[in-house]
Amino acid sequence: MSDQIPTVNPFGQADDPIPMYRELRECPIGRMDFGQKRPSFVVSRYADVRYVLKNAEIFSSCEAIDIGNDRPMIPLQIDPPEHAKYRRLMDPYLGPREVAKLEDDIRKLTNQIIDGFIDKDQINFHEEFAVPLPCTMFLRLVGLPIEDMEMFVGWKDDIIRPDVEWGDVEAAAEIREKTGAKIYDYFGGVIDERLANPGDDLLSEFVHGEVEGRSLTKEEILDICYLFILAGLDTVTATLDCYFAYLASHPEQRQAIVDDPGVIPAVVEELLRHETPVQVFPRTVSREVTMHGVDLEPGDHVLVVLGSANTDPEEFEDADEVHFDRQDNRHLAFGGGPHRCLGSHFARLELRIALEEFHKRIPEYSVLAGAGVSFSPGIREVADLPLILTAEGARQ
Amino acid sequence: MKVSVDDAVCVGHGRCYAVAPEVFGADDNGHCVVHRAVVDGVLADKARLAARNCPEEAITAAD
């Protein structure tokens with residue numbers, strides 16, 4: 001059976017992945033060869049992706065990710081039921097009520113960043129907006145020095161997008177391991193410091209946090225930090241890149257936001273769906289299971305393609321099109337099941353405010369003519385996004 | 001119409017209280033809390049819309 005499974009690459013075509021997603025759904029189970037011992041099966045239809053995400057007892061997160069970390073990252077790589085005790089500790093700090101308190105800070109910072117380039121006619125959106133806004137907010141929240149942002153972002157990039165020839169798994173692993181050692185070393189020091197001098201930041205809360213009536217161990221705190229530095233410094237940046245690359249080349253939809261900012265919460269959801277910044281997520285099979293006639297064995301890898309689930313016409317009407325007035329939108333851009341993105345409420349708030357303030361002050365912009373907009377695969381960021389800010393008179 | 005949420009299924013996506021804040025709210029973890037267990041008219045429509053926007057199918061909104 002497995003000989004008949006099409007070989008696919010869900011990491012290809014990040015610039016315009018929708019046609020690739022369509023092909024993946026036709027498989028409907030594909031196979032990707034990473035040069036690993038066990039096969040990787042690619043799952044792409046909405047119903048199947050949801051099934052994998054929901055059934056953590058069949059599809060484990062524990063060994064699914066190896067990115068330079070010595071131990072499973074908490075809570076991402078902890079399976080239920082143990083997973084819940086960490087989420088119970090962490091969720092309230094990133095719940096909608098708690099993050100809502102940050103709204104004024106986010107708005108103020110957004111405007112300060114815009115002040116920095118409002119008089120310019122051209123910006124690199126990624127460098128000048130998409131990186132500093134979420135990364136500054138994240139470092140403030142967690143309680144890490146803003147002046148070291150470049151170092152943290154560099155570590156995160158070395159782990160998520162190691163600068164190697166595509167497919168050179170060994171070279172990537174080497175960079176990740178070296179960077180991982182730096183992350184553990186740095187946070188080891190920060191944790192000791194917070195144990196001695198607690199502040200009111202998130203890291204201090206975790207350092208003094210309890211699960212099941214006991215304090216977290218230093219290793220547990222490190223395993224939280226490892227995940228935080230990667231998740232907190234990458235995905236909102238990538239999402240902003242996706243949003244503004246899309247809007248800069250779709251002037252009617254950009255104008256719809258300027259004309260009616262009330263549409264922005266729906267824009268946040270619809271572009272999360274259509275652009276799906278995190279394209280693919282891994283799991284490992286822990287119990288025998290058959291999907292579409294393909295027998296999956298314990299130890300096999302599974303890649304769920306969130307982007308193809310989010311553009312599946314079986315789930316979404318006019319799935320390939322962007323409709324800000326879409327009523328039914330249960331997209332999986334933040335994943336689903338027990339591992340639903342811990343930062344999703346924070347992310348949504350930042351994305352909404354970024355769209356509100358940017359369009360209020362810069363109602364017209366476009367991509368520099370002739371500039372190729374290139375998305376990185378896996379997590380779709382646009383490292384070089386030259387935007388021309390037009391209509392100088394309308395800027396404020 | 002009666003509205004309920006299965007706490008064992010909700011993972012806190014937060015779509016319900018975004019689309020129907022009159023009917024649903026959030027607890028500290030961001031999980032769904034039903035504010036109005038019985039609704040009709042426009043609120044019943046909103047509750048149904050919230051149910052259709054829940055990626056976990058945790059919400060029941062039925063007569």
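Return the residues of the stretch B:1-32 that are farther than 24 Å from A:Asp325 by Cβ and without any contact (Cβ under 8 Å) to a residue 12 or more places away in the chain; say none if nothing qualifies. Within the stretch B:1-32, B:Ala8, B:Gly25, B:Asp27, B:Asp28 meet the criteria. The set of residues in the stretch A:196-221 being assigned to a helix (DSSP H, G or I) and under 24 Å from A:Val99 (Cα atoms) consists of A:Leu202, A:Leu203, A:Ser204, A:Glu205, A:Phe206, A:Val207, A:Glu220, A:Ile221. Of all the criteria given as (1) closer than 30 Å to A:Leu389 by Cβ; (2) surrounded by 18 or more Cβ atoms within 10 Å (Cβ to Cβ), the one not satisfied by A:Gln122 is (2). Of the residues making up the stretch A:141-173, those that are crowded, with 16+ Cβ neighbours inside 10 Å, of a type outside the set (A, V, I, L, M, F, W, C) and in a helix (DSSP H, G or I) are A:Lys156, A:Asp157, A:Asp158. Checked across the stretch A:67-78, the condition of being in a helix (DSSP H, G or I), free of Cβ contacts under 8 Å to residues at least 24 places away in the same chain and not acidic (Asp, Glu) holds for no residue. Condition (residue is loosely packed, with under 13 Cβ neighbours inside 10 Å, at pLDDT 95 or above and hydrophobic (A, V, I, L, M, F, W, C)) applied to the stretch A:174-182: is it met by at least one residue? The answer is yes, given that some residue of the stretch A:174-182 is loosely packed, with under 13 Cβ neighbours inside 10 Å, at pLDDT 95 or above and hydrophobic (A, V, I, L, M, F, W, C).
Test A:Leu387 against the stated conditions and say whether it is over 28 Å from A:Asn9 (Cβ atoms) and more than 14 Å from chain B (Cβ to nearest Cβ). Steps first, answer last, please.
Numbers: over 28 Å from A:Asn9 (Cβ atoms): yes; more than 14 Å from chain B (Cβ to nearest Cβ): yes.
Answer is yes for this residue.
Only one of A:Phe244, A:Phe334 is more than 19 Å from A:Gln13 (Cβ to Cβ), surrounded by 22 or more Cβ atoms within 10 Å (Cβ to Cβ) and touching a Cys at 6+ places or on another chain (Cβ under 6 Å); which? Break it down stepwise before answering.
Values: A:Phe244 fails: touching a Cys at 6+ places or on another chain (Cβ under 6 Å).
Matching residue, one of A:Phe244, A:Phe334: A:Phe334.
State which residue is nearest to A:Ile353 (Cα to Cα) when the search covers only the stretch A:96-114 and only residues that are loosely packed, with under 14 Cβ neighbours inside 10 Å and either within 14 Å of another protein chain (Cβ to nearest Cβ) or hydrophobic (A, V, I, L, M, F, W, C) (or both). In this case the residue turns out to be A:Ala100. Among (1) more than 26 Å from A:Asp384 (Cα to Cα); (2) of a type in the set (Gly, Ala, Ser); (3) buried (at least 20 other Cβ atoms within 10 Å of the Cβ), where does A:Gly307 come up short? Failed condition: (1).
For the stretch B:8-27, filtering for residues that are touching a strand residue (DSSP E or B) at 6+ places or on another chain (Cβ under 8 Å) and away from chain A (no Cβ under 12 Å) leaves 1. Does A:His359 satisfy being surrounded by 18 or more Cβ atoms within 10 Å (Cβ to Cβ), more than 14 Å from chain B (Cβ to nearest Cβ) and not hydrophobic (A, V, I, L, M, F, W, C)? Yes: the conditions hold for A:His359. Here A:Phe324 passes the criteria (1) closer than 21 Å to B:His13 by Cα; (2) crowded, with 24+ Cβ neighbours inside 10 Å except the one numbered (2). Total residues in the stretch A:318-356 satisfying the condition of being among the charged types (D, E, K, R), more than 11 Å from chain B (Cβ to nearest Cβ) and within 19 Å of A:Asn111 (Cβ to Cβ): the figure is 2.
If you filter the stretch B:28-60 down to residues that are of a type in the set (A, V, I, L, M) and under 28 Å from A:Phe346 (Cβ atoms), you find that the one that is nearest to the other protein chains (Cβ to nearest Cβ) is B:Leu49.
Annotation for the stretch B:44-52: at least one member residue is within 17 Å of A:Pro265 (Cα to Cα) and of a type in the set (Gly, Ala, Ser).
The values are calculated or read from the model by the stated rules, or taken from the named source; none is laboratory data. Being a predicted model, the structure only gives us computed values, none of them experimental. Every residue, glycine as well, gets a Cβ built from its backbone with ideal geometry; the counts of neighbours run over all protein chains shown.
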